[in-house]
Amino acid sequence: MIDFVFQNPAKIIFGRDALHHLGAEVLRYGKRVLLVYGGGSVKRSGLFDQVMAILAGGGVAVWELGGIVPNPRLSRVYEGIDICRKAKIDLVLALGGGSAIDTAKGIANGVPYDGDVWDFYSAKATPKAVLPLGTILTIPAAGSEMSYSSVITNEDGMLKRGYNSVTNVPAFSLLNPEWTFTLPPYQTACGCVDIMAHMMERYFTLVEHVELTDRLIAAGIRTVLNNAPKVMAKPDDYDARAELMWTGALAHNTLLHTGRIGDWGSHKVEHELSASFDIAHGAGLAIVFPAWMKYAVMQHPKKIAQFAVDVMDVPTDFGNDTDTALEGIRRLEVFYRSLGMPTRLADVGLENADYAALANRALPNEEATVGEYIKLTRKDFVAIYELAK
Ligand code: NZQ
Ligand code: ZN
């Protein structure tokens, strides 16, 4: 196990009663709020009206930034920063999923910064201050409600980039599994794939003696494997929705990262797809992750074989590490398909995409690498896209 610092200051208020805490949480920070939300799901479900009524009841003035799209764009972050500065906003409140939350994070970090907020995403600067940030989560997926990350796409070149900072961890997040009953099956499935991916990125490590976090991660993934089919069959299964919602937050709040080094190559390979072709991040991961695993087996089969046994229930006497690992990957793909997820680029019409162009955009030159379990160069990106065809 390697040395680590663990800190996650997010306050989580979880359950059917979560919204009743909204007024008190907001009023800790002030009476001027920017509310950031997506394309309309919260209006259709009635949650938006409930939130507005609570804020009005507390004498809170609300500025709105709605219509945030999946794979959220930098221009909306700029717009939000402008509103906050002019209106002297006290708190940025995100209502929705990772896209609304990541936009809110960009805004909250951008307001006190003199330069261009994109500096944070392009690793030119690190934030020193942040406006208070709260979230009301409607989809378990990105884990942004507790994560250190914000991921934004710059329309200038469609560059999808993220950065990690403690300033991105929300001051509070409200999580009520009932708010996820309205999720379409496709979005539910995308969320489940992303939650699993956040745990798998950490599971595949070369660091040894990480038994506790290995076991916690296996338990987290198995919780998704067990509960995803339940919510697909019965969207208002509160207990199954609750398991997924809490797993989604814990998957990415860095607890499962303690003492180990995560990989994150699959996320980088996927982000190029969702940036260029606007596919859902979770759907992209269902295609990329199994391909990355098949590629990684060639270098380091052991941990993937352990995953096959501990998570995918491949028998311990199935065969050698490589065969065991490949059987685990096969079972993972079967699971993704059972949720209606694509597992090949051809499933989303991208079997003839320009993979070299994607790789060239992800990495600055031929020598640069991403990933830790295996190091990926541009050439490896292309090989993984080819495997995923
Ligand atoms: O826009 P609306 O109308 O709200 O609809 C959304 C959207 O179409 C819909 N939805 C959300 N809650 C709903 C609902 N529909 C019905 N009922 C509900 N309760 O679902 C769609 C997807 O929403 P989005 O916010 O885009 O989903 P997600 O949470 O998966 O966020 C994806 C973004 O997060 C980034 C991804 O790359 C992507 O840009 N990520 C952020 C991370 C982070 N900040 O830590 C880590 C992740 O790895 C990821 O990269
Ligand atoms: Zn993700």
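Derivation of every value follows stated rules applied to the coordinates shown; laboratory data play no part. Being a predicted model, the structure only gives us computed values, none of them experimental. Cβ: placed from backbone, ideal geometry, glycine included. Neighbour counts: every protein chain shown.
Worth a mention:
- Over the stretch 82-192, the alpha carbon radius of gyration divided by the compact-protein estimate 2.2 N^0.38 Å works out to 1.08.
- When all alpha carbon pairs of the chain are counted in 10 Å bins from zero, the resulting P(r) reads 5, 24, 34, 25, 10, 2, 0 %.
- The ellipsoid that matches the Cα gyration tensor of the stretch 183-387 has semi-axes, each √(5λ) in whole angstrom, of 25, 21, 16, with the longest given first.
- Ordering of 260-269, 187-196 by packing is 187-196, 260-269, highest average first (other Cβ atoms within 10 Å, averaged per residue).
- Across the stretch 155-171, coupling constants 3J(HN,Hα) worked out from phi with the 6.51/-1.76/1.60 Karplus curve, θ = phi - 60°, read 4, 6, x, 6, 8, 9, 9, x, 9, 10, 6, 5, 5, 7, 6, x, 5 Hz, and Gly and Pro carry x.
- For the peptides 342-352, 238-248, the ranking by mean Cβ contacts within 10 Å, running from highest to lowest, is 238-248, 342-352.
- Set of aspartates and glutamates near LYS294 by C-alpha distance (under 14 Å), chain-local residues within fewer than 8 positions excluded: ASP321, ASP323, GLU327, GLU333, ASP380, GLU386
- Spin-label zone in the stretch 184-222 - amide nitrogen under 20 Å from a point set 7 Å from the Cα of MET1 along the C-beta vector: 199-221
- Amide H contacts for ASN176 (H built 1.01 Å from N in the peptide plane; partners 5 or more residues away or on another chain; cut-off under 5 Å): GLY15, LEU137.
- When +1 charges are put on Lys and Arg Cβ atoms and -1 charges on Asp and Glu Cβ atoms, the dipole computed for the stretch 152-243 relative to its Cα centre reaches about 60 debye.
- Backbone HN-Hα couplings from phi across the stretch 206-219 [Karplus 6.51/-1.76/1.60, Hz, Gly and Pro as x]: 8, 5, 9, 6, 10, 4, 4, 5, 4, 5, 5, 5, 4, 5
- Spatially proximal aspartates and glutamates relative to LYS86 (Cα-Cα < 16 Å; intrachain offsets below 8 disregarded): GLU64, ASP114
- Given LYS88/LYS268; LYS268/LYS302; LYS105/LYS302, the pairs whose alpha carbons are separated by over 31 Å: LYS88/LYS268; LYS105/LYS302
- Hz values of 3J(HN,Hα) by residue in the stretch 233-244 - Karplus curve (6.51, -1.76, 1.60), Gly and Pro given as x: 6, 9, x, 9, 6, 4, 5, 5, 4, 5, 4, 5
- More than 16 Å apart - percent of Cα-Cα pairs taken over the stretch 214-320: 69 percent
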